[in-house]
Amino acid sequence: MVNLLRKVWESVSQRSASASSSASSTNQPDRFDQMTYLLTSSAGDFDPIPLDIFIQILKFLGPKESAKLSSVCRFWKFIVADNRLWIYFLQNQQEPWDSIFFAETHLRSGYPLQMFSTQMPDLSFMHIYAQREQVPGAIIIDGGSGYCKFGWSKYASPSGRSATFLEFGNIESPMYSRLRHFFSTIYGRMQVKTYTQPIVLSLPICHSDDTESDIAARKQLKEAIYTALFDMNVPAVCAINQAVLALFAARRTSGVVVNIGFNQTSVVPILHGRVMHRVGVEVTGMGALKLTGFLREKMQQKNLHFDSLYTVRALKENLCYVAFDYEAELRKDTEASFQVAAEGWFTLSKERFQTGEILFQPRIAGVRTMSLHQAVALCLDHCQDSELSGDDNWFKTVVLSGGSACLPGLAERLEKELLQSLPHSTSKGLKVIPSPYGADSAWYGAKLIGNLSTFPGSCCVTKKQYRQRSRRNLRW
């Protein structure tokens, strides 16, 4: 193989002087012309070598050396431009290939999304690879309902967490002051200057009704966020609803996101990356805090002593699950133990699945609210009746989001309840997808945006653009 690579380099070096002047000036020559040239041109000693072998050789050389060959002549330019080669290089990136492919085929036009036809755009993954290498990345701040996750889009995961900006600082202070303090704290913890990079920010799921007061509240919060960031000299801002980003993390642009937040659960219909407020966002009063509180009560009834709610939350995350059949589960031996650092071993039995059951039977916890499957079914009914799209399947992918959405068995139980309660016309083709990244789903959705080959481009709003649109309703 070493000798073969040496012969390749000798060949291209001998031909580079004469062939470089005839190289095409366009970035992506016509495909027919490429094929015609390939069939009529000569690779010298390498004519008998199949195209696949050339691709394998280039894989050994790597992306940088392969890219250099494209300037030698049209023959090598065609070989190097083969999408299979650059898909291979992209597959060896830190980010999963499925996520890269989804982002570059569905999100690269910017946000709000453009509605493409079903035909896949003709993409050059060589150009996409080169552009992604040049993208500086973005600061990502995911303002969750319980905790805020922050980090750089080039990181594999969030680098830190803090209290969410809705609860940060003195709650009696004006929103602008709290936001300014919050963002300054995050930038300080990351040890980066505000003017160095754009920011991708997740907007919280709040004020979700389609009423004038909620529309005004969403706009007011958004304007306070933009104003605070631009006053801190952030070069560009991309602000997208948290549920939309969680949907992107699941590699979807349309569907229904079920976000089990800190204090409540929100069922959010999304079409082409836009929250359909007029269809209706369903909200139930059952969130992660009530699940943890219910488990705490059960532990106290068993005289299990613990120092803090962090212990209870650790047990919930490591021992609890959702039963597919609650009545059948009651007859089983479900005892299991877990060791919490600095606290020791804890043993739970029926509490393991009774905790998650309150999502489907809130009365067990003494809570008067809609059950999870009732809220989702109501949202799906509204989507069916709205006739917003010619595609009746746009809402039939239900994506779970949030830390408590990671309870094992939740997706399967929710799908079962929905199939039993919905009419066949609505439930046909319905699929519930487990939370792709748990509580960090929105952060990973923002990561897709921040690493796009076209970022910041049409994804972000600059300070100048914001001032020009200050009287308009910026979509989120």
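Per-residue ellipticity at 222 nm computed for the chain from its helices equals -13000 deg cm²/dmol, with DSSP H segments shorter than 4 residues left out and the rest contributing -39,500 (n - 2.57).
At q = 0.19, 0.21, 0.24, 0.32 Å⁻¹, what is the log10 ratio I(q)/I(0) for the stretch 339-379, with the Debye formula run over Cα points and no solvent? Log-scaled intensity ratios, in q order: -0.65, -0.70, -0.79, -1.02.
Peptides 426-434, 449-457, 88-96, 134-142 ordered by packing proxy, namely the average of other Cβ atoms within 10 Å per residue, highest first: 449-457, 134-142, 426-434, 88-96.
Calculated on C-alpha atoms, the gyration radius of the stretch 288-365 divided by its Kirkwood radius gives an Rg/Rh of 0.94.
Beta-bridge orientation, the chain: approximately 65 percent antiparallel, per DSSP, counting only bridges with both partners inside.
Cross-link partners for Lys193 among the lysines, with Cα-Cα distance under 19 Å and sequence neighbours closer than 8 places in the same chain left out: Lys149, Lys154, Lys463.
Scaled to the globular estimate 2.2 N^0.38 Å, the Cα spread of the chain, given as radius of gyration, is 1.16.
Taken together, the values in this text are just the output of simple stated rules run on the coordinates, not laboratory data. Predicted model only: the values in this text are computed from it and were never measured. All Cβ positions, even for glycine, are placed from backbone atoms using ideal geometry, and neighbour counts span all protein chains on display.
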